[in-house]
Amino acid sequence: MSSTFTLDSLREEADRLYKPLTIPLSDGTESVLKNILRLNAKARAGVLEAIDAINKEESSVEELIANVDVIIKAVATNATKLLKDLDGDLAVSMKLIEKWTSGTQLPEAESSPESSTDTASS
């Protein structure tokens, strides 16, 4: 017997597994930052590039702010309002990106039984 799933039910399951980060905004609305896995390939590539740029030690403040903006615009609903609330505060922006990235970590791959056996015999 086969199981039938709708795309909507699969999206709901993905929402439960790969939860977004929700931030209340000053006007009473909220901004929802999607999990990186929920982005399309083009947006995900841009976000990953911006994350790599942020992690470089030689990044200037201007580059950091620009890359934070790229990430927020790609992943957040109400991105303009969120950026307005952040008001250029790089420290708060970086904490937000840190919270978002820690919440969107890729799940760890399960080790195969074969690799477990190899380690046990070493």
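The values are calculated or read from the model by the stated rules, or taken from the named source; none is laboratory data. A quick note: this is a predicted structure, and the numbers were derived from the prediction, not measured. Note that each Cβ is placed from the backbone with ideal geometry, even for glycine, and that neighbours are counted across all protein chains shown.
Rundown of residues vs (1) without any contact (Cβ under 8 Å) to a residue 24 or more places away in the chain; (2) not β-branched (Val, Ile, Thr), yes/no style:
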| position | (1), (2) |
| --- | --- |
| Leu21 | no, yes |
| Asn40 | yes, yes |
| Ile54 | no, no |
| Glu63 | yes, yes |
| Leu83 | yes, yes |
| Asp89 | yes, yes |
| Lys99 | no, yes |
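Looking at this structure, is Lys42 assigned to a helix (DSSP H, G or I), among the charged types (D, E, K, R) and surrounded by fewer than 16 Cβ atoms within 10 Å (Cβ to Cβ)?
Details: assigned to a helix (DSSP H, G or I): yes; among the charged types (D, E, K, R): yes; surrounded by fewer than 16 Cβ atoms within 10 Å (Cβ to Cβ): yes.
Against the criterion (assigned to a helix (DSSP H, G or I), among the charged types (D, E, K, R) and surrounded by fewer than 16 Cβ atoms within 10 Å (Cβ to Cβ)), Lys42 qualifies.
Would it be correct to say that Val32 is part of a helix (DSSP H, G or I) and either surrounded by fewer than 16 Cβ atoms within 10 Å (Cβ to Cβ) or within 17 Å of the chain's Cα centre (by Cα) (or both)? I'd like the intermediate steps shown before the answer.
Values: part of a helix (DSSP H, G or I): no; either surrounded by fewer than 16 Cβ atoms within 10 Å (Cβ to Cβ) or within 17 Å of the chain's Cα centre (by Cα) (or both): yes.
No, not satisfied.
I'd like to know if the range 70-78 contains one or more residues that are in a helix (DSSP H, G or I), buried (at least 17 other Cβ atoms within 10 Å of the Cβ) and out of contact with any helix residue (DSSP H, G or I) (no Cβ under 6 Å at 6 or more places or on another chain).
So far as the range 70-78 goes, yes, one or more of its residues are in a helix (DSSP H, G or I), buried (at least 17 other Cβ atoms within 10 Å of the Cβ) and out of contact with any helix residue (DSSP H, G or I) (no Cβ under 6 Å at 6 or more places or on another chain).
Filter the range 41-96 down to the residues that are modelled with pLDDT of 95 or more and polar (S, T, N, Q), then identify the one that is farthest from Thr22 (Cα to Cα).
Asn67
From the list Leu37, Leu33, Leu21, exactly one residue is modelled with pLDDT under 95 and under 18 Å from Ala79 (Cα atoms). Which is it? Lay out the reasoning, then the answer.
Values: Leu37 fails: under 18 Å from Ala79 (Cα atoms); Leu33 fails: modelled with pLDDT under 95.
That would be Leu21, the only listed residue that is modelled with pLDDT under 95 and under 18 Å from Ala79 (Cα atoms).
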